[in-house]
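One structure is given here, and the rest of the page talks about it.
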Amino acid sequence: MGLQNSQIIISKNIKLDKSYKDVLDYTESEMVALCRANAVATDSSYSFIRSEKGVIKTGFSYNDALKCNYMAFQNPDYSNKWFFAFIDDVEYANDGTAKIYYTIDEYSTWFDYWNPEACLVIREHVNNDTVGLHTYPEGLEHGDYIVNSYNEYGNFTVEESFVVIATTWLPSNTPGITATSYQGGVVSGCYFMAFYTPADATKFIKALDGLSKGDAVVSVFMIPSFLAIVGTWHEADLTSKENLMNGKTQDVVYHIKFALLPNTTGSVNYSTDYTVTLNTAINGYTPKNKKLLCYPYNYVLLTNNNGNNCDFHYEDFINNTPVFSITGVLSPGCSIKCFPKNYKLYTDQEATQHAGFNDGLMAGKFPIGSYKNDSFVNWMTQQSVNTKFAQVGSAFKIGGMLFQETGGDDSQYASLFNQQAKYLSDRYQHALVSPQASGNINGGDVTFAFNEMNFGIYQMSIREEYARILDEYFEKFGYMTNRVKLPNQRGRTYWNFVQIGSSENIGYSSNSERSVPSSSMDTINGIYRSGVTIWHDHANIGNYSLNNTIA
C-alpha cells in the first residue's frame, strides 16, 4: 500500500475554463506556483490520486471547496508529475469533508511534454507586421470607401495650354523649317504652329482664307504647355484680302505671334514626378495592425477626371510610396499618359522607370477646334467613342461568332453563351483586385472648360467605423495566414492567437520519460483546430485593451 503523501492544492480565481478558448503557456513549475499563489487550501496526506477518475473525497471543508474553480495534485511516490484540473462541482459529504468533481486541464497538464511541428496555420498573430508584408485576403466586410485627400497632378488648365494649328503652309522665312516634320517619331505632312493666344490663331486662319490658302489648315487643337517645346516665339505680318460689302476687296494686315514646334523623336515627359506618401490614418484613425494600411482597406485612386480611373495599392510600390510620371505626344486631341513608377517591387533601376507603363491611364482628349475646312470630324468622332459602346459591340461580335459555330442551334448557342458569360464573370472577379480602367463617353471639351484636364490622385480608405472594427478583430485573432509553417505561439507581448487546419496536428510527444496520452494529445490538437488564444501572463487573461505589440 502506497504512502499517503499525495498532494492537492485547491485554488480560486484561476482564469481558465474547459472551453480552452484561453490557455496559458506556463511551464509545470509556473502552473504550480500560480495555484499556490491563489490557494484556498492544501493537503499532502492522500493516497494515490487517479487523474482519470474525475472525483475525489477530500478533507477540505465544503465552504472552502466552494470557493475554488481549479486544482493541482501530485503523487510523489510514483511520479513527480503534477496534474491540473478544472473543478466542475463540489458535493457536501459531512462536516470537514467535501467531494470534488473535476476534469483534467489537458493543455496545462501536458504543456511541457510536446513540441510543435509545421502544419497548416489558418490564422495567427504575425511577428513581423511591416506594411505590405501581409496582403492575403481576409474576406471580411469593409464597407464603402471615402476620400482621405485629393491632389491634382499636371498643369493642364486653359491658361496653361496653347492653340496648335497643323498646316501645310508657313509664312515665308519662318525659322526652323525642315524637310520632314514628325512628332513622337511619327512622320507628318504638316507643320505644327503654336500660338501665343487664341486670337493669334484666329487671325492666322483668317489670313489664310484671304490668301486662298484655307485648305492648308489640316487641324486646330489645344495642347498643354509641356508638350509645346517652344524655343523661340516669332512674330509675322500676313497681308491678305478681305471681302467688302460692295464686292470689292481690301488688303488687311494680320500681325501674329507664333512658334514652330520642333521635331521630336519620342514622347515628352512632364517636368516632375508625383510622389504619394503612405496614408497611415484611415479616415483619421491610426490602426495598430498594418494590414489595414494595404488594399482593400487603403489605396490610391488615379483618375483622368474624364470618366476613367485606376486603383493602385501602396504595397505594390517600392517602400510603399507610389510615384507617378506623365508623358505625352503632340497630336490632335493629344496622347498623354500617367503611369506608375517603382511599381510591383521591381528593383532594377531601369525597369522601375517602365514597369508600370502598361498599368497607366490615358488623359481625356483635349478639344479640337472648328474651322470651315474641317476634315477631322470623323477622327474626332472615333476618338470620342463610348467605351461601353465598344463593349456592347464586342458582345454582339461574340454572339455572332457563337451563332455561326452552332449552326444556328439555339440550345447550343445558349450553352456556349453561358460559358462565355461565366468567363466574363471570372474576369470581372479578377478585375476587382488589379488596376483597371473604366469609363464612359469622352467629355474632354467640358472637362477642359472646367479646368479639370489634370490627373486627380485620391487617397481612398474605408470608413473609420469599419477600420476600428477590423483593427480590433485583427488585434484579437491575428491575420489569415493559410501557410504550412511552425505556428507563432509566442512573439507578442501579452497574447498570441493560433488556429490550424481542421485535420492538422499541432505537435507530438517530446518528453522521453513520459509520453502524452493519445486522448490528451487529441484534445490539444482539437484546441488548436478550433482556434486558441495563448496568454503569456495569467494576470492579463482577457484584457484585450492592452497594446499587444511584437515582443
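Bear in mind these aren't lab numbers, they're just calculated from the coordinates by the rules spelled out. Since the model is a prediction, treat every value here as computed from it, not as a measurement. All Cβ positions, glycine included, derive from the backbone under ideal geometry; neighbour counts span all protein chains shown.
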Quiz item: Within region 6-109, how many Lys pairs sit with Cα atoms under 24 Å apart, leaving out pairs fewer than 8 places apart on the same chain?
Solution: 24
Practice problem: Rounded to the nearest 0.05, what FRET efficiency do Lys18 and Ser518 give with R0 = 25 Å and r taken as the Cβ-Cβ distance? Could you check? | Solution: 0.80
Quiz item: What distance in nm separates the simple spin-label points at Thr27 and Ser530, each placed 7 Å from Cα in the Cβ direction?
Solution: 2.9 nm
Exercise. Averaging sequence separations of C-alpha pairs under 8 Å and six or more residues apart, then dividing by the length of region 1-155, give the relative contact order as a whole percent.
Key: 24 percent
Self-check item: Cα pair distances exceeding 17 angstrom across region 247-293, given as percent
Solution: 72 percent
Quiz item: Can you give the net charge of the other residues whose Cβ lies under 15 Å from the Cβ of Ser331, counting K and R as +1 and D and E as -1?
Solution: +2
Practice problem: Could you go through region 105-121 in sequence order and give the Karplus-derived ³J(HN,Hα) for each residue, using 6.51 cos²θ - 1.76 cosθ + 1.60 with θ = phi - 60°, rounded to whole Hz, and x for Gly and Pro? | Solution: 7, 4, 5, 5, 5, 10, 4, 7, 10, 9, 10, x, 10, 4, 7, 6, 9
Practice problem: First measure r as the distance between the Cβ atoms of Glu242 and Ala199, then evaluate 1/(1 + (r/R0)^6) with R0 = 25 Å and state the FRET efficiency to the nearest 0.05. | Solution: 0.90
Quiz item: Ranked highest first by average number of other Cβ atoms within 10 Å, how do 290-299, 475-484 line up?
Solution: 290-299, 475-484
Quiz item: How far apart, in nm, are the 7 Å Cα→Cβ label points at Asp215 and Ala539?
Solution: 9.7 nm
Quiz prompt | Residue list for region 262-294, given a label point 7 angstrom along the Cα-to-Cβ vector of Val187 and an amide N cut-off under 17 Å | solution = 263-266
Quiz item: Counting Lys +1, Arg +1, Asp -1, Glu -1, what net charge surrounds Arg468 among other residues with beta carbon under 11 Å of its beta carbon?
Solution: -3
Self-check item: Ala118/Leu546 FRET efficiency (R0 35 Å; Cβ-Cβ; nearest 0.05)
Solution: 0.75
Quiz prompt | Percentage relative contact order, region 161-269, counting C-alpha pairs under 8 Å, at least six apart | solution = 37 percent
Quiz prompt | Filter on Lys288/Lys341; Lys291/Lys344; Lys213/Lys365 - keep pairs with C-alpha separation over 22 Å | solution = Lys288/Lys341; Lys213/Lys365
